[in-house]
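Report on the following structure.
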Amino acid sequence: MEAISTDKLIDLVQSYGLPLVWAIIVFIVGRIAARIITNIVVKMMQKSKVDETLVKFTKTVIYVALMVFVILAALGKLGIETTSFAAIIAAAGLAIGLSLQGTLGNFASGFMLILFRPFKVGDFVEAGGVSGIVEEIQIFSTKMRTGDNKEITVPNGQIVGTTITNYSAKETRRVDMVIGVSYNDDLKKVRAVLEDILSSDERILKDPAPTIGVSELADSSVNFVVRPWVKSADYWSVLFEIQEEIKIRFDAEGISIPYPQHDLHVVKDEVAA
């Protein structure tokens, strides 16, 4: 009986012990190798100055993919049929994917935003129906801060699916203003005053030169377009302050900015007695 028990024990060790030991060894070595490979890829990306968000995302994807391979290899050492196991994983992944289409869409959109970089943190953008300063670009969503200091989280799929306007992408911007004056005013004097206002402001660029011209003979006014170029950071301050300065100077120079008005002519018909 003792000899039979020993033989059975030896058989059990040979049948299950050694495969289990090999499976553990494969898992430990594979896990170490996965970390080493992942770190090598991360260092290469950081050396190439790839966006940090993309680096973190790639690190997670590579490590998870390698660990799945390691686990399947370890299960193979235990004699488990890994082909059927892989098929189960694939089927489960498909089911999860179908149930999380919106989330996966945001995930893919986040990858595209990180890869193509239509904007970066700190840019003022209009995207996904929202305008604000980009504070954080995440895999599933993007956080923005509005002008009145509200934080808005926008799904990346909503951003990628619409037009993206990046107001901070270029170093300079054009300020577009329309200034109306009376038909009775001297247009040459108006132009001279506008030119003097723009030339006196150091924030307004000389190249490209500002544009000043009559754009429309409207119902109640002669409309001038005033289009100076400024650095993007000066856009709003120039827009507000130049319009204020125009009003002050026009008042001092006797140039009027007319109210919208309509002339009504009444014709009285005389009826013969």
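Data table
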| read-out | value |
| --- | --- |
| Any chance VAL225 is within 25 Å of ARG203 (Cα to Cα) and crowded, with 18+ Cβ neighbours inside 10 Å | no |
| Qualifying residue in the range 121-134 (condition: at pLDDT below 75 and either exposed (fewer than 15 other Cβ atoms within 10 Å of the Cβ) or β-branched (Val, Ile, Thr) (or both)) | no |
| Strands (runs of 3 or more DSSP E) wholly inside the range 175-273 containing at least 1 residues that are modelled with pLDDT of 95 or more, under 35 Å from the mean Cα position of the chain (by Cα) and farther than 30 Å from ILE133 by Cβ | 211-217 |
| Residue among LYS49, LYS8 that is at pLDDT below 85, of a type in the set (Lys, Arg) and not in a helix (DSSP H, G or I) | LYS49 |
| Subset of the range 219-240 that is without any contact (Cβ under 8 Å) to a residue 24 or more places away in the chain and among the aromatic types (Phe, Trp, Tyr) - its residue that is nearest to ARG173 (Cα to Cα) | TRP236 |
| Criterion: surrounded by 18 or more Cβ atoms within 10 Å (Cβ to Cβ) and not small (Gly, Ala, Ser) - qualifying residue of ILE137, ILE152 | ILE137 |
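The values are calculated or read from the model by the stated rules, or taken from the named source; none is laboratory data. Given the structure is predicted, the values throughout are model-derived calculations rather than measurements. As a convention, Cβ positions derive from the backbone with ideal geometry for all residues, glycine included, and neighbour counts pool all protein chains shown.
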